[in-house]
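Each remark here refers to the structure printed beneath this line.
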Amino acid sequence: MERTIVMKKVTAKILAILLACTATLAGCTAPAQTSPSSEAGNSQANPETSSEVLPSSAPESSESEPVSTGFTLEYPPHMQRIGYTEPISLADTPEKIVCMTTYPILTLMGMGVKLTAVPSTSVIQYPDDFDAIILPSMMSDTFDLEQVVQLEPDLVIMPYTSQEQYGGTLEGLGIPVYYVAMTSASASAYDLIREQTQALIDAFGGYGEKAAEGAEIMGRFDALDEELAAFQQKTAGMSVFAITVSGDSIYGNAASSTLGCMLELCGLENVYEAAATSGHSMGALDMETSLSYDPDIMVICGSASKEENIAMMEGLYQKNPDYWDSIPAYKEGRVLYLPSSYVSTAGLNIIANVQDLMAELEPFFDEA
């Protein structure tokens, strides 16, 4: 019985082909064949090139939603300048995303993109109802790449500095990897994050609610630019000396550091140049050179809370009071202490950090 049904189906297909041909048998053209290698690389037929006839029961595309044309995640300008020019191109929008850097997380969450796994971090407070798996940081001794592989992700996002150690292995397994930068020689921390955010929004927020959410996110940058323009009028011509303390170690922050970038956005001239000339955003403080600095304000950050950083600095002062008293801004109390969240950022929250920094700086310039 089954054999009879199969034979009838075969016969029906043959008749359909014969009816589609011209009256002359030589005028018939055989359907194009897809090579095995093409089939292996494409799990879905391309409606523009496939000779396969869709079944009549296939659902029609909704007029309210665009027909899927694949997924493309471009690299922003600062990444293209260091050689990352080929975008991530996938047949469909990824649904199992493992994000191993904090920078893209707030943007993706803001557009409602579901994340399968994220890194453990102190710079982002994950919501109580956040259902992503929290993996050890890539810098942690407990991080194991096998944990990522077992999740069978269709996209992994990680720092480009980890490409050699981890990214190449994932790529070899056929897992798409998108690389991001935390610092850039050609873009400030603020511009880097802005470009990175735009690239993510262009890829994940193409239409509907996500498009509106993406526009709202980018609008925050525009709003901050306006706030900064007004604030810079108050700080015009004023200078800052920013240091980071960690135990007995003291580091100067160049304008290219995260903290230095935020202070520069606020209109303050950075007096620390040692790290900048060596190509690094931070460097061990040269106390002899720093005696020549005479900033309008000192900013002291550290690896802990504001209160703990104050206590740490008091310990450093007791060890070398003559040095610290030789810096007028410190001796006269023109010092702003900041918590560790200003040493680094987690992408989109740099906007809130800069807004908070302006509020912290306001009293100093009201007195000036």
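The values are calculated or read from the model by the stated rules, or taken from the named source; none is laboratory data. Remember, it's a predicted structure, so these values are computed and weren't measured experimentally. Positions of Cβ are generated from backbone atoms using ideal geometry, with glycine treated the same way; all protein chains shown enter the neighbour counts. The area values use the complete protein model at the heavy-atom level, side chains included, leaving out ligands, DNA and RNA. Shrake-Rupley method; radii C 1.70, N 1.55, O 1.52, S 1.80 Å.
Summary table below
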| read-out | value |
| --- | --- |
| Subset of the range 289-301 that is modelled with pLDDT under 90 and open to solvent by less than 70 Å² (accessible area, probe 1.4 Å) - its residue that is farthest from T244 (Cα to Cα) | T289 |
| Hits in the range 131-155 (condition: farther than 15 Å from I175 by Cβ, out of contact with any strand residue (DSSP E or B) (no Cβ under 7 Å at 6 or more places or on another chain) and open to solvent by 50 Å² or more (accessible area, probe 1.4 Å)) | D131, M139, D141, T142, D144 |
| Flag for Y179 being at pLDDT 95 or above and hydroxyl-bearing (S, T, Y) | yes |
| Pairs where the first residue, in the range 107-134, is touching a residue at least 40 places away in the same chain (Cβ under 8 Å) and within 16 Å of E213 (Cβ to Cβ) and the second is in a loop (DSSP other than H, G, I, E, B) and among the small types (G, A, S), C-beta under 7 Å, 6+ apart | T107/G347; M111/G205 |
| Yes/no for S246 being modelled with pLDDT under 95, surrounded by 12 or more Cβ atoms within 10 Å (Cβ to Cβ) and out of contact with any Leu (no Cβ under 9 Å at 6 or more places or on another chain) | yes |
| A230, sole failed condition from (1) open to solvent by 50 Å² or more (accessible area, probe 1.4 Å); (2) modelled with pLDDT under 90 | (2) |
| Qualifying positions in the range 337-368 - touching a strand residue (DSSP E or B) at 6+ places or on another chain (Cβ under 8 Å), over 11 Å from C266 (Cβ atoms) and free of Cβ contacts under 8 Å to residues at least 60 places away in the same chain | Y337, P339 |
| Matching residues, the range 310-330, being farther than 13 Å from S249 by Cβ and touching a Phe, Trp or Tyr at 6+ places or on another chain (Cβ under 8 Å) | I310, Y317, W324, I327, A329, Y330 |
| Residue in the range 311-321 that is among the aromatic types (F, W, Y) and open to solvent by 50 Å² or more (accessible area, probe 1.4 Å) present | yes |
| Looking only at the range 197-220, and only at residues there that are in contact with an Asp or Glu (Cβ under 8 Å, 6 or more places away or on another chain) and modelled with pLDDT under 90, the one that is farthest from L155 (Cα to Cα) | G208 |
| Residue pairs meeting the criteria (Cβ under 9 Å; at least 6 apart or on separate chains; first within 17 Å of L291 (Cα to Cα) and of a type outside the set (F, W, Y), in the range 311-324; second in a helix (DSSP H, G or I) and open to solvent by 60 Å² or more (accessible area, probe 1.4 Å)) | N320/M287 |
| Answer from G219, G167, G237 - the residue that is open to solvent by less than 20 Å² (accessible area, probe 1.4 Å) and not aliphatic (A, V, I, L, M) | G167 |
| Residue count, the range 344-368 (criterion: open to solvent by 50 Å² or more (accessible area, probe 1.4 Å), aliphatic (A, V, I, L, M) and at pLDDT below 90) | 1 |
| Members of the range 94-120 that are over 21 Å from E146 (Cβ atoms) and either surrounded by fewer than 18 Cβ atoms within 10 Å (Cβ to Cβ) or acidic (D, E) (or both) | E95, G112, K114 |
| D286 exposed (fewer than 12 other Cβ atoms within 10 Å of the Cβ) and over 21 Å from M262 (Cβ atoms) | no |
| Test: residue in the range 33-43 that is farther than 15 Å from A199 by Cβ, modelled with pLDDT of 50 or more and either part of a strand (DSSP E or B) or out of contact with any Leu (no Cβ under 7 Å at 6 or more places or on another chain) (or both) | no |
| Lone unmet requirement of (1) at pLDDT 95 or above; (2) of a type in the set (A, V, I, L, M); (3) surrounded by 16 or more Cβ atoms within 10 Å (Cβ to Cβ); (4) not in a helix (DSSP H, G or I) for I124 | (1) |
| Complete set of residues in the range 194-205 that are buried (at least 16 other Cβ atoms within 10 Å of the Cβ) and of a type outside the set (F, W, Y) | R194, E195, Q196, T197, Q198, A199, L200, I201, A203, G205 |
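The rows are residues; the columns are (1) farther than 30 Å from E226 by Cβ; (2) within 32 Å of the chain's Cα centre (by Cα); (3) not charged (D, E, K, R); (4) not in a helix (DSSP H, G or I).
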{"residue": "I250", "(1), (2), (3), (4)": "yes, yes, yes, yes"}
{"residue": "S256", "(1), (2), (3), (4)": "no, yes, yes, yes"}
{"residue": "G260", "(1), (2), (3), (4)": "no, yes, yes, no"}
{"residue": "Y272", "(1), (2), (3), (4)": "no, yes, yes, yes"}
{"residue": "Y293", "(1), (2), (3), (4)": "yes, no, yes, yes"}
{"residue": "M298", "(1), (2), (3), (4)": "no, yes, yes, yes"}
{"residue": "E314", "(1), (2), (3), (4)": "yes, no, no, no"}
{"residue": "Y330", "(1), (2), (3), (4)": "yes, no, yes, no"}
